[in-house]
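Trainee: Take this structure, written in structure tokens, and hold onto it; I'll ask about it next.
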Amino acid sequence: MAVVEVRDMVKTYNSVHAVDGVSFTVEKGAVFGLLGPNGAGKTTIIESLVGLRRPDSGTLSVLGHDPVRSPTPVREKVGVQLQVTSLFPRIRVVEALSLFAALYPRTQDPDGLLKRVGLEGKRRAAAQSLSGGEKQRLALALALINDPELVFLDEPSAGVDPLGRRAIWEIIRELQSAGKTVFLTTHLMDEAEKLCDEVLFLDRGKCVAKGPPGELISRREAENLDDLYVKLMQGSGA
Ligand SMILES: Nc1ncnc2c1ncn2[C@@H]1O[C@H](COP(=O)(O)OP(=O)(O)OP(=O)(O)O)[C@@H](O)[C@H]1O
Ligand SMILES: [Mg+2]
């Protein structure tokens, strides 16, 4: 069963073709990775799928709903970690989680989540005072507060140390074991190779390859996803 369906999505900003006719589906229970260089259109796709941007044309379906026309059912069942999270400057970590929890009918225990992301020692800290990697961990905890069916993570490991990254990978695997679907973007090819059942490479708004990492690697005679990335981006003239 497809939980995300994108058909012929187009999004243009003035003269920039941010997303230029992209189609794909994500199956329930999968870990799906959207990969590609800076400016390829990854964040534009994620933000459109969660109803924050409106595509110029094409159709989007998230858990059977149009995210722009039916935002409420989508928001209740979906978790989102945006590339940049803005919070009230003086809010404390535990208060941010409680505030987000108040927005949903179904929630997880804030302290349990803080422990899962390794922030239990920071519950009373001002969110603004957190380090870059700690802010990413808090953003992940906030994305999971409503125990979502489907989680969008826009570069969850950016700025996170290797131990923190392992903890995030563990959380993603646990989500998958619990039957949830994870949609992530990353620039870390080993992360994509280890976690994703399926990846889509995007370059300047267009899909340049998609499929299970192992299949793409063998089809293109690449050593690993890093090698494939370089081949694809050089091949497409980037
Ligand atoms: N609000 C906006 N106004 C104008 N142009 C925009 C806007 N948002 C994105 N763009 C442009 O659209 C293109 C795609 O941007 P997007 O943020 O989706 O890329 P990305 O793949 O997420 O990149 P990164 O890896 O750097 O996060 C870029 O060329 C960007 O400059
Ligand atoms: Mg981005």
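Trainee: Among the residues that make up segment 10-30, is at least one of them crowded, with 22+ Cβ neighbours inside 10 Å, under 14 Å from residue 152 (Cα atoms), under 15 Å from the mean Cα position of the chain (by Cα) and not hydrophobic (A, V, I, L, M, F, W, C)?
Mentor: no
Trainee: On the basis of being part of a loop (DSSP other than H, G, I, E, B), touching a residue at least 40 places away in the same chain (Cβ under 8 Å) and closer than 16 Å to residue 156 by Cα, does residue 79 make the cut?
Mentor: It is false that residue 79 is part of a loop (DSSP other than H, G, I, E, B), touching a residue at least 40 places away in the same chain (Cβ under 8 Å) and closer than 16 Å to residue 156 by Cα.
Trainee: Hey, could you check segment 2-23 for residues that are in contact with a strand residue (DSSP E or B) (Cβ under 7 Å, 6 or more places away or on another chain) and at positive phi and say which is nearest to ligand 1 (Cβ to nearest atom)?
Mentor: 21
Trainee: Any chance segment 75-85 includes a residue that's out of contact with any strand residue (DSSP E or B) (no Cβ under 6 Å at 6 or more places or on another chain) and within 16 Å of ligand 2 (Cβ to nearest atom)?
Mentor: yes
Trainee: Could you grab me the full set of residues in segment 36-69 that are more than 8 Å from ligand 1 (Cβ to nearest atom), assigned to a loop (DSSP other than H, G, I, E, B) and surrounded by fewer than 18 Cβ atoms within 10 Å (Cβ to Cβ)?
Mentor: 52, 54, 56, 64, 66, 68, 69, listed by residue number.
Trainee: Continuing with this model, one more query. Among the residues of segment 15-51, what is the count of those that are among the hydroxyl-bearing types (Ser, Thr, Tyr) and under 16 Å from residue 182 (Cβ atoms)?
Mentor: 1
Trainee: Considering each of 135, 206, 180 in turn, give the residue that is more than 21 Å from residue 22 (Cα to Cα), in contact (Cβ under 8 Å) with a residue 60 or more places away in the chain and basic (Lys, Arg).
Mentor: Result of the check over 135, 206, 180: 180.
Trainee: Let me ask something additional. Output the residues belonging to segment 147-181 that are surrounded by 17 or more Cβ atoms within 10 Å (Cβ to Cβ), within 13 Å of the chain's Cα centre (by Cα) and within 16 Å of ligand 1 (Cβ to nearest atom).
Mentor: 152, 153, 154, 155, 156, 157
Trainee: Scan segment 129-146 residue by residue and report those that are more than 16 Å from ligand 1 (Cβ to nearest atom) and touching a strand residue (DSSP E or B) at 6+ places or on another chain (Cβ under 8 Å).
Mentor: Across segment 129-146, the qualifying residues are 140, 142, 143, 144, 145, 146.
Trainee: Please find, among 67, 55, the residue that is modelled with pLDDT of 95 or more and touching a helix residue (DSSP H, G or I) at 6+ places or on another chain (Cβ under 7 Å).
Mentor: Among 67, 55, only 55 is modelled with pLDDT of 95 or more and touching a helix residue (DSSP H, G or I) at 6+ places or on another chain (Cβ under 7 Å).
Trainee: Would you be able to tell me the number of residues in segment 26-71 that are of a type in the set (Lys, Arg) and out of contact with any strand residue (DSSP E or B) (no Cβ under 9 Å at 6 or more places or on another chain)?
Mentor: 1
Trainee: Hey, another quick one. Among 223, 155, which is away from ligand 2 (no atom under 16 Å from the Cβ) and charged (D, E, K, R)?
Mentor: One residue alone meets the criteria, 223.
Trainee: Check residue 33 against each of (1) over 25 Å from residue 209 (Cβ atoms); (2) buried (at least 19 other Cβ atoms within 10 Å of the Cβ); (3) in contact (Cβ under 8 Å) with a residue 60 or more places away in the chain and name the one condition it does not meet.
Mentor: (1)
The values are calculated or read from the model by the stated rules, or taken from the named source; none is laboratory data. None of the values given here were measured: they were computed from a predicted structure. Don't worry about glycine lacking a Cβ; one is built from the backbone with ideal geometry, like all the others, and counts go over all protein chains shown.
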